[in-house]
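To keep things clear, I will list the structure first and then write my remarks on it.
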Amino acid sequence: MSDDQDQEHGVGQPAALPQADGPLVDVTLPDGQHLFAVVKSRIREPDGWWYALQIHLPSQGSERGRLLVLPAPVDFRAPASLCQPIDGQPYDQVPTERPGITPAWKVEEKVYFTGDVGPARIVHRGDCRAARDLTRPASTE
């Protein structure tokens, strides 16, 4: 087989890892396919560890009448048993949630208040009752 055929059939040298805004894991999908996803957080559930993950899929946008292909983030969760770590990825900074332990701070996912202002994040004390469900633990850094 040629190098092109090797790559088509998943044989040969592994491709370089894509650029990401966090550590990557190799996720096994229900049909057996694999993809790289960014680990956003770890969550301890009663049945074991789960990961909050994110991938970017192509999406349509436009600028001055021209169609553009833009990345659209897609968030999902998967059990740790389907997520294989990748050597050299910095997992030590991944936020970790454990039931019964209140984080010092929580940060909400991006929200848009008006069309004129870009996205904002709201930070809450860990015990704040005004925090929405779309929060994750944060540190003072």
Scan the stretch 58-75 and tell me whether some residue there is surrounded by 14 or more Cβ atoms within 10 Å (Cβ to Cβ) and hydrophobic (A, V, I, L, M, F, W, C).
no
Which numbered condition trips up Asp47, out of (1) touching a residue at least 60 places away in the same chain (Cβ under 8 Å); (2) open to solvent by 80 Å² or more (accessible area, probe 1.4 Å)?
(1)
Could you tell me how many of the residues in the stretch 76-96 are out of contact with any Gly (no Cβ under 9 Å at 6 or more places or on another chain), in a strand (DSSP E or B), open to solvent by less than 80 Å² (accessible area, probe 1.4 Å) and at pLDDT 90 or above?
3
Subset of the stretch 97-141 (residues that are among the small types (Gly, Ala, Ser) and at pLDDT 75 or above):
Ala120
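The values are calculated or read from the model by the stated rules, or taken from the named source; none is laboratory data. Quantities reported herein were computed from a predicted structural model and do not represent experimental measurements. Virtual Cβ from ideal backbone geometry, glycine too; neighbours counted across all protein chains shown. Protein only, heavy atoms only, side chains kept; ligands, DNA and RNA dropped before computing areas. Shrake-Rupley method; radii C 1.70, N 1.55, O 1.52, S 1.80 Å.
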